[in-house]
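Chemist: The structure's right below; bear with me while I get my questions together.
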Amino acid sequence: MTIKSSIFAAVAGAAFVFSVGAASAQNWQANPTYGSVQLRSGFQPDPHNIQMTAGGEVNARAALGNACPGFIANAPDFDLYWQAGNSGLPLVISADSQADTTLVVHTPSGQWLCEDDGGFNGLNPGMRIDNPQSGLYDIWVGTYNGGYAPATLSISEIVSH
């Protein structure tokens, strides 16, 4: 049984309550396209970068609501298995691309977080999660207007693209 299958089995009931209607829009249970990593608070080197292609066929706004712009893939692009610590540092998830990109994150508690243009570099998304809980973070990097574009996903405790 994979880590993802074990986590799904453990939180299936709770996740259903938080994401009813949304989980059918994209499959957070699917295997991530660009892999996964296990990181713990204080990890080095920081940031952890992943090269990928942003975008997809799922309209995140139609699937998850007006706060979630962009077009994402059905399966997560990347899975982060996070182990929180006592550092007091946030978890920062961001993307860097020449295209206008967006982020969608499914948290360990089943919450959907969406971001557009909050990074440090123009039209790049970046989100800061204060007091991040341990567990699985499913991450999608979308494109605002559809289509596909090369992108770098970054996971950090100190910096956003």
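Chemist: Within the range 90-108, is there a residue that is β-branched (V, I, T), assigned to a loop (DSSP other than H, G, I, E, B) and surrounded by fewer than 18 Cβ atoms within 10 Å (Cβ to Cβ)? Give the steps one after another, and end with the answer.
Modeler: In the first step, residues of the range 90-108 are kept if they are β-branched (V, I, T); the result is 92-93, 101-102, 104-105, 107.
Then keep just the ones that are assigned to a loop (DSSP other than H, G, I, E, B); that gives 107.
Cutting the leftovers down to surrounded by fewer than 18 Cβ atoms within 10 Å (Cβ to Cβ) gives us none.
Checked against the condition, which is being β-branched (V, I, T), assigned to a loop (DSSP other than H, G, I, E, B) and surrounded by fewer than 18 Cβ atoms within 10 Å (Cβ to Cβ), the range 90-108 yields no hits at all.
Chemist: Could you say which residue among S134, S87, S160 is modelled with pLDDT of 95 or more and among the small types (G, A, S)?
Modeler: On the way: S87 fails: modelled with pLDDT of 95 or more; S160 fails: modelled with pLDDT of 95 or more.
The conditions single out S134.
Quick grid of which residues meet (1) farther than 18 Å from L89 by Cα; (2) touching a Leu at 6+ places or on another chain (Cβ under 8 Å):
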{"residue": "E115", "(1), (2)": "yes, yes"}
{"residue": "G118", "(1), (2)": "yes, no"}
{"residue": "G126", "(1), (2)": "no, yes"}
{"residue": "N131", "(1), (2)": "no, no"}
{"residue": "G135", "(1), (2)": "no, no"}
{"residue": "I139", "(1), (2)": "yes, yes"}
{"residue": "A149", "(1), (2)": "yes, no"}
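Chemist: Looking at the range 52-63, is at least one residue among the polar types (S, T, N, Q) and surrounded by fewer than 16 Cβ atoms within 10 Å (Cβ to Cβ)?
Modeler: If we filter the range 52-63 for residues that are among the polar types (S, T, N, Q), which is where we start, we get 53, 59.
With the extra rule that they be surrounded by fewer than 16 Cβ atoms within 10 Å (Cβ to Cβ), the set shrinks to none.
No, the range 52-63 contains no residue that is among the polar types (S, T, N, Q) and surrounded by fewer than 16 Cβ atoms within 10 Å (Cβ to Cβ).
Chemist: Among the residues of the range 29-49, is any under 16 Å from the mean Cα position of the chain (by Cα), among the small types (G, A, S) and modelled with pLDDT of 95 or more?
Modeler: The initial filter retains those residues of the range 29-49 that are under 16 Å from the mean Cα position of the chain (by Cα), namely 29-39, 47-49.
In the following step, the residues that additionally are among the small types (G, A, S) were identified as 30, 35-36.
Narrowing further to those that are modelled with pLDDT of 95 or more: 35-36.
Yes, some residue in the range 29-49 is under 16 Å from the mean Cα position of the chain (by Cα), among the small types (G, A, S) and modelled with pLDDT of 95 or more.
Chemist: Within the group A84, A73, which residue is within 25 Å of Q38 (Cβ to Cβ) and surrounded by 23 or more Cβ atoms within 10 Å (Cβ to Cβ)?
Modeler: Sole residue among the options that is within 25 Å of Q38 (Cβ to Cβ) and surrounded by 23 or more Cβ atoms within 10 Å (Cβ to Cβ): A73.
The values are calculated or read from the model by the stated rules, or taken from the named source; none is laboratory data. Remember, predicted model here, so these are calculated numbers, not experimental data. Cβ coordinates were reconstructed from backbone atoms using ideal geometry, including for glycine residues, and neighbour counts include every protein chain displayed.
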